[in-house]
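Working notes, structure below.
The values are calculated or read from the model by the stated rules, or taken from the named source; none is laboratory data. Model, not experiment: these values are computed from the prediction. Please note: Cβ atoms are built from the backbone with ideal geometry, for glycine as well, and neighbour counts cover all protein chains shown. Only protein heavy atoms, including side chains, enter the accessible area calculation; ligands, DNA and RNA are left aside. Shrake-Rupley method; radii C 1.70, N 1.55, O 1.52, S 1.80 Å.
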Amino acid sequence: MNWLLDLTPDEWNAVRLSIKVATVAMLASVPPAIFIAYALARWRFWGKTMVNGLVHLPLVLPPVVTGYLLLLAFGRRGPAGAFLAEHFGIVFSFRWTGAALACAVMGFPLMVRAIRLSIESVDRKLEAAAGTLGANPLWVFTIVTLPLILPGIIAGAILSFAKAMGEFGATITFVSNIPGETQTLPSAIYTFTQVPGGDEGALRLTLISIVISMLALVASEVLARRVGKRMDIE
């Protein structure tokens, strides 16, 4: 069974890159996810249904379509990609940063949904009470709402991380499959399945992917419960 742990340098690179991409995608998604979730849960505005549909669109679109749309928008010739490259030197296409962007887009609906459900479960009387004491809406959100929805934020963030670890279609379409630069775990597994004698490598990376994803899901449940119990005690 030692062969299961005897990863090659390229395999280790795929594991490290996947964790790096998933972590960056998760952290970058948290602030906009909180804002969008709060807007969908509390605000009334024209086009709310459309915004909700756009947020959840990556869940129903084929991942390849999402990746192609990202390539059109953030590729070197795309409107957003050309602007960012020219003015800020930020390049997404065929870079690991593009893989992080694709993973963030694919995991964003899961994070928004978890946070939105948490916001909708908050007793608004608590927020109203803080408001009657003179706190402005931003301060009310910071000291009342945010702590109460923290379990939802944690759960959504780790679900987004797990989704990013398994993302393949959008990533390979947007940034291709470049070893050491954009080859994440799913891409490396796909590569192994296409070459003779690659079964062992594919199995090793598959097992590692399962372990990491399961650990993320278990951590999400444990952290959410601990934060919830701590808030109940306080």
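As an exercise, use a Förster radius of 25 Å and the Cβ-Cβ distance of VAL222 and LEU27 to find the FRET efficiency, rounded to the nearest 0.05. Intermediate values should be presented prior to the final figure.
Details: r = 20 Å, r/R0 = 0.79.
According to the calculation, E is roughly 0.80.
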Checklist outcome for this item: With the 1.4 Å probe rolled over protein heavy atoms, the chain has an accessible area per residue in Å² of 56 Å²
Checklist entry - About its Cα centre, what dipole magnitude does the chain give when the only charges are +1 on Lys and Arg Cβ and -1 on Asp and Glu Cβ, stated in debye to the nearest 20? => result 780 debye
Checklist outcome for this item: Stretched fully, the stretch from ARG124 through ALA80 gains (0.36 nm per residue minus C-alpha distance, one decimal, in nm) 11.9 nm
Checklist entry - Across the chain, how many lysine pairs, 8 or more apart or on two chains, come within less than 26 Å at their alpha-carbon atoms? => result 4
Checklist entry - How many percent of the accessible area of segment 2-231 is carbon or sulfur, using a 1.4 Å probe? => result 68 percent
Item to check | Binned Cα-Cα distances of segment 79-125, short to long, each 5 Å bin given as a whole percent | outcome: 5, 19, 15, 15, 12, 11, 9, 7, 5, 2
Checklist entry - Computed on alpha carbon atoms, what radius of gyration and Dmax characterise segment 96-212, expressed in Å? => result 20.4, 70
Checklist entry - In whole Å, how far is the Cα centre of segment 70-117 from that of segment 176-195? => result 20 Å
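Compute the Kirkwood hydrodynamic radius of the chain, taking the inverse of the mean of 1/r over all pairs of distinct Cα atoms, and give it in Å to one decimal. Could the numbers behind the result be given before it?
On the way: mean 1/r = 0.0518 Å⁻¹.
It works out to 19.3 Å.
Helix by helix through the chain, keep the DSSP H runs that span 24 Å or more along the axis on Cα and average at least 0.5 on Kyte-Doolittle, and give those back in order. Before the final figure, lay out the partial values.
Details: long enough: 9-42 (49 Å, 0.83); 96-120 (35 Å, 1.18); 146-166 (30 Å, 1.71); 199-233 (51 Å, 0.82).
Span-like helices here: 9-42, 96-120, 146-166, 199-233.
Which net charge results when you count Lys and Arg as +1 and Asp and Glu as -1 among the other residues whose beta-carbon is under 13 Å from that of ILE36? Write out the running numbers ahead of the final one.
Details: positive: ARG42, LYS48, ARG113, ARG116; negative: none.
Taking every Cβ under 13 Å from that of ILE36, the sum is +4.
So what's segment 146-222 giving for Rg/Rh, alpha carbon basis, Kirkwood Rh from the mean inverse pair distance? Mind showing how you got there, number by number?
Numbers: Rg = 15.2 Å, Rh = 13.8 Å.
We get a ratio of 1.10 for segment 146-222.
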Checklist outcome for this item: When the chain is treated as a Gaussian network with springs between alpha carbons less than 10 Å apart, the largest mean-square fluctuation among VAL15, VAL140, VAL65 is found at VAL140
